[in-house]
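The values are calculated or read from the model by the stated rules, or taken from the named source; none is laboratory data. If you're wondering where the values come from, they're calculated on a predicted model, not measured in any experiment. FYI the Cβ positions are ideal-geometry reconstructions off the backbone, even for glycines, and counts take in every protein chain you see. Ligands, DNA and RNA are excluded from the accessible area calculation, which covers all protein heavy atoms including side chains. Shrake-Rupley method; radii C 1.70, N 1.55, O 1.52, S 1.80 Å.
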Amino acid sequence: MEFKKKNINVWYALLTLAIMIGCMLFTVVVLKQAPHMPLIIGTSVAIIVAMCHGYKWDEVEEMMYKGIRHALPAIVIILLVGLIIGSWIGSGVVASMIYYGLKLISPTYFLAVVVLICGIVALAIGSSWSTMATVGVASMGIGLSMGLSPGMVAGAVISGSYFGDKMSPLSDTTNLASGLSGVDLFDHIKHMFYTTVPALVISLIAFFVLGQVYGKDHLNNDKIDKIMGAMEKSFTISPWLILIPIIVIILVMFKMPAIPAIVVGIILGFFAQIFVQGDNLEQAVTALQTGYKLESGNKLVDELFNRGGLESMFYTISLTLVAMTFGGLLEYSGMLKALITVILKFAKNTGSLIASVIVSCVGTNVTCSEQYISIIVPSRMYAATFVKYDLHPKNLSRALEDGGTLTSVFVPWNTCGVFIATTLGVGVAEYAPFAILNYLVPIISIIYGYIGFKIIKLTESEKAHFIEEQKMA
């Protein structure tokens, strides 16, 4: 169904947003409750505003459904992540990765190594979520066993995972940003080097320093020996089990889509739990459904391994559905357009234009709760303006990723924030200060806009070409 857009005054859009955020802050900060209810209240206000402006109920209903449809690919991944965590814990894959990680990696440079490993894996497979659900989960186990701060370890996992995802030609967001902007994929990736690589270098230095400061102070060899002993008693530890994640990575590198590759990993983990760990069929199925259950006598080991399973992801899915319902109403009713149009009025030069794109992406992440929408909507809003200012669309595609993809992790009710909190077991407030790359990149991008560094201008022929393309779109 196509909607005949109504002109909704920006004040109504701001009122809707203010009510949702006010309720969110009170519910989450004061009442210490989940963010579902504030989003439902915001959705209810958005429905009233839309219907008061002439939309019929069947149109409002379709807006909500369209919002949910945006989240369906993410929901499938979320379900599979619950399965793969349960499967890989039950099979001993995670235990083996943690065990050998503790033996081989020193706490003083562990955080920097995590950034590099997660970056390489995400670059190879094109998915930050899959990286965090596999290598990230194991990294959290190693880091916590070393006595490092959970937020610090999660920040290293997130920084590396999003670097690799952003720079990978297999990444869905990377393809989305370049495609919507009309930019060649590899030109888009090359242009992102200038903001992303400096942020990676600074992040590596920061995590190396953090490792030097906190790694030595918190290292407790007796504690690590007890953890490794508890894992040896509870699991069959073998380097052969690490072949399972390696196989998944190789499959994706050879162009197998992420979902089938993850399914292969789940199946391999399922059989490894039966034939390597010696569990029966019922225990292997339980690990997939409700998660792995362990009573080792070591509190930290039990906390690390009592997790996963399909049911562990239901909270994440319910929040995603509610958030995307609210986001669908904002986008398709025209409220989001009204908000971004106001922001666009402040764009008087190249620096303020790029800053406006990044602010719009951040705002869309907050209001619509989905990183894909934070790329899609601003790309539509700003495309003509960039050409008007003689700016090559690759500047827009880079700003979309710098502001949209990377900042999604800082919103507790965004699908990315919820996924990370569920998968890594660390809340947004705890990991946000350490997701160094994710907040450095948009800052660097804005600075480049104001000083004019690596801002590509259009030639007259290119400008004519892009104007013609926009007329045909």
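Of all the helices (runs of 4 or more DSSP H) wholly in the stretch 402-452, which have at least 3 residues that are hydrophobic (A, V, I, L, M, F, W, C)?
Filter on the stretch 402-452 gives 415-424, 436-451.
Specify the residue that is surrounded by the most Cβ atoms within 10 Å (Cβ to Cβ); the eligible residues are those in the stretch 248-262 that are in a helix (DSSP H, G or I) and out of contact with any helix residue (DSSP H, G or I) (no Cβ under 7 Å at 6 or more places or on another chain).
Taking the stretch 248-262 and keeping what is in a helix (DSSP H, G or I), we get 248-253, 258-262.
Add one more test, that the residue is out of contact with any helix residue (DSSP H, G or I) (no Cβ under 7 Å at 6 or more places or on another chain), and what stays is 250, 260.
Numbers: ILE250: 14, PRO260: 11.
Filtering the stretch 248-262 for residues that are in a helix (DSSP H, G or I) and out of contact with any helix residue (DSSP H, G or I) (no Cβ under 7 Å at 6 or more places or on another chain), the one surrounded by the most Cβ atoms within 10 Å (Cβ to Cβ) comes out as ILE250.
On the basis of being open to solvent by 10 Å² or more (accessible area, probe 1.4 Å) and over 18 Å from the mean Cα position of the chain (by Cα), does ALA355 make the cut?
yes
Looking at the stretch 108-130, which of its residues are open to solvent by less than 10 Å² (accessible area, probe 1.4 Å) and not hydroxyl-bearing (Ser, Thr, Tyr)?
Listed by number, the residues that qualify are PHE110, LEU111, VAL114, VAL115, CYS118, GLY119, ALA122, GLY126.
Being out of contact with any Cys (no Cβ under 7 Å at 6 or more places or on another chain), among the β-branched types (Val, Ile, Thr) and more than 19 Å from GLU462 (Cβ to Cβ) is true for just one of ILE373, ILE354. Which residue is that?
Being out of contact with any Cys (no Cβ under 7 Å at 6 or more places or on another chain), among the β-branched types (Val, Ile, Thr) and more than 19 Å from GLU462 (Cβ to Cβ) holds for just one of ILE373, ILE354, which is ILE373.
Suppose we filter ILE244, ILE224 for residues that are crowded, with 22+ Cβ neighbours inside 10 Å and modelled with pLDDT under 95; which single one remains? Write out each step before concluding.
On the way: ILE224 fails: crowded, with 22+ Cβ neighbours inside 10 Å.
Result of the check over ILE244, ILE224: ILE244.
Quick check on ALA34: is it part of a helix (DSSP H, G or I), of a type in the set (A, V, I, L, M, F, W, C) and in the same structural domain as VAL342 (by the TED database)?
Taking the combined requirement at face value, the residue does not satisfy it.
Output the helices (runs of 4 or more DSSP H) that fall wholly within the stretch 128-202 and possess 3 or more residues being of a type in the set (S, T, N, Q) and farther than 30 Å from LEU102 by Cα, or say none.
Filter on the stretch 128-202 gives 172-181.
I need the full set of residues from the stretch 358-392 which are outside any helix (DSSP H, G or I) and under 23 Å from LEU319 (Cβ atoms), in order please. Show your work before the answer.
Quick first cut of the stretch 358-392, residues outside any helix (DSSP H, G or I) only: 369-370, 389-392.
SER369, GLU370 - these are the residues of the stretch 358-392 that are outside any helix (DSSP H, G or I) and under 23 Å from LEU319 (Cβ atoms).
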